[in-house]
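The structure under discussion appears below in the form of structure tokens.
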Amino acid sequence: MPVVAPHASHLIVETWITTGKCGESETRVTEDVARTTERPVDTESEIMKLLRRAKELGVAPHVLDIACDEYKKLTGADGGVDYDRLLTVTNQHLSRAIQQGLLLKRTPGRPLVVIYGGALHNDLYPDATLARYTFGRAIHAITRGMYREIDLYVPEMVDATPALKKEPWYDAWRRAGGGGSDVLIERGPRSTVIVFKRQ
């Protein structure tokens with residue numbers, strides 16, 4: 001944030017804050033997502049720290065707002081979460097938040113609207129099977145080519161994720177030392193992968 005903040009007016013984070021006001025459907029969806037994604041408990045505090053730090057640095061933080069009726073729609077016939085619908089709803093909310101963010105007043109000299117989340121929805125060159133869950137191309141068009149996709153990874157995640165090992169940039173990263181230093185890979189026009197040094 002300290003590097004990006006002097007250039008940014010708004011930060012949109014791919015998360016929503018549970019309120020407890022939406023009853024059983026909210027509880028069921030929240031618990032199922034936490035169990036399925038195996039999101040570490042400290043991730044939530046890291047996200048809160050990011051939101052707080054952004055505000056301290058003069059960047060207005062924004063999160064997604066999931067309505068109670070949407071929680072009900074996210075529950076599948078078997079009582080579990082419908083992940084196809086979850087990805088679709090998340091992408092819709094992100095797209096809407098970004099478009100609203102682009103219309104918000106910005107601090108002079110701080111033109112950026114930064115979006116922080118997983119490395120799926122932001123794709124400029126998505127896999128055909130995942131394209132419907134992505135906002136990258138639409139936002140790129142709306143901003144007339146000013147959009148930039150940057151995917152951030154740690155080597156420990158790359159090593160443990162078979163899908164990442166199949167990415168076209170994986171071999172380039174291995175040739176560059178595979179975690180011995182920070183590696184920046186230009187995947188395509190306005191699309192960059194950064195894999196940080198192994199910790």
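Here, each number is a calculation from the coordinates, and none is a lab measurement. This structure is a prediction, so every number in the text was calculated from the model and none was measured. Cβ coordinates were reconstructed from backbone atoms using ideal geometry, including for glycine residues, and neighbour counts include every protein chain displayed.
Find, among the trypsin sites (Lys or Arg not before Pro) in the stretch 67-162, those assigned to loop by DSSP (not H, G, I, E, B) with at most 13 other beta-carbon atoms within 10 angstrom. Loop-located and lightly packed - LYS105, ARG144.
Please tell me the relative contact order of the chain in percent, rounded to the nearest whole number, where contacts are Cα pairs under 8 Å and at least six residues apart. Relative contact order comes out at 21 percent. The dipole here belongs to the chain: it is taken about the Cα centre, uses +1 on the Cβ of Lys and Arg and -1 on the Cβ of Asp and Glu, and is about 880 debye. Shape analysis of the chain based on the Cα gyration tensor places the equivalent ellipsoid semi-axes at 27, 23, 18 Å, largest first.
Net charge in the neighbourhood of GLY177 (other residues with Cβ under 12 Å of its Cβ; Lys, Arg +1, Asp, Glu -1) is +3.
Computed over neighbours whose Cβ is under 14 Å from that of LEU57, the net charge equals +4, Lys and Arg +1, Asp and Glu -1. Taken about its Cα centre, the stretch 149-199 carries a charge dipole of about 120 debye when Lys and Arg each add +1 at the Cβ and Asp and Glu each add -1 at the Cβ.
The calculated P(r) of the stretch 149-199, using every Cα pair and 10 Å bins from 0, goes 27, 63, 10 in percent. Please turn the phi angles of the stretch 151-161 into ³J(HN,Hα) values with the Karplus equation 6.51 cos²θ - 1.76 cosθ + 1.60 (θ = phi - 60°), one per residue in order, whole Hz, x for glycine and proline. Going residue by residue, I get 9, 10, 9, 10, x, 4, 6, 4, 4, 9, 10 Hz, with x marking Gly and Pro.
Evaluated with a Cβ-only charge set (Lys, Arg +1; Asp, Glu -1), the stretch 14-101 carries a dipole of roughly 360 debye about its Cα centre, given to the nearest 20.
Our summary gives the stretch 149-199 a relative contact order of 48 percent, counting only alpha carbon pairs under 8 angstrom and 6 or more residues apart. Taking a ≥ b ≥ c as the square roots of the Cα gyration tensor eigenvalues, the stretch 78-142 comes out prolate, since a/c reaches at least 1.5 and a/b is larger than b/c. Under a 5 Å amide H cut-off, with hydrogens placed 1.01 Å from N, ARG110 pairs with nothing among residues at least 5 apart or on other chains. For the listed residue pairs LYS166/LYS197; LYS49/LYS73; LYS55/LYS105; LYS21/LYS49, the alpha carbons are over 27 angstrom apart in LYS49/LYS73. The GluC sites (Glu not before Pro) found in the stretch 7-110 that occupy coil by DSSP, while having at most 15 further C-beta atoms within 10 Å, are GLU38.
Considering only MET146, MET48, MET157, the mean-square fluctuation computed in a Gaussian network model of the chain, springs between alpha carbons under 10 angstrom, is largest for MET157.
Taking the centroid of alpha carbons for each part, the stretch 147-196 and the stretch 15-30 are 34 Å apart.
Each residue of the stretch 113-118 was assigned a 3J(HN,Hα) from its phi angle through the Karplus expression (A = 6.51, B = -1.76, C = 1.60, θ = phi - 60°), giving 10, 9, 10, 10, x, x Hz with x at Gly and Pro.
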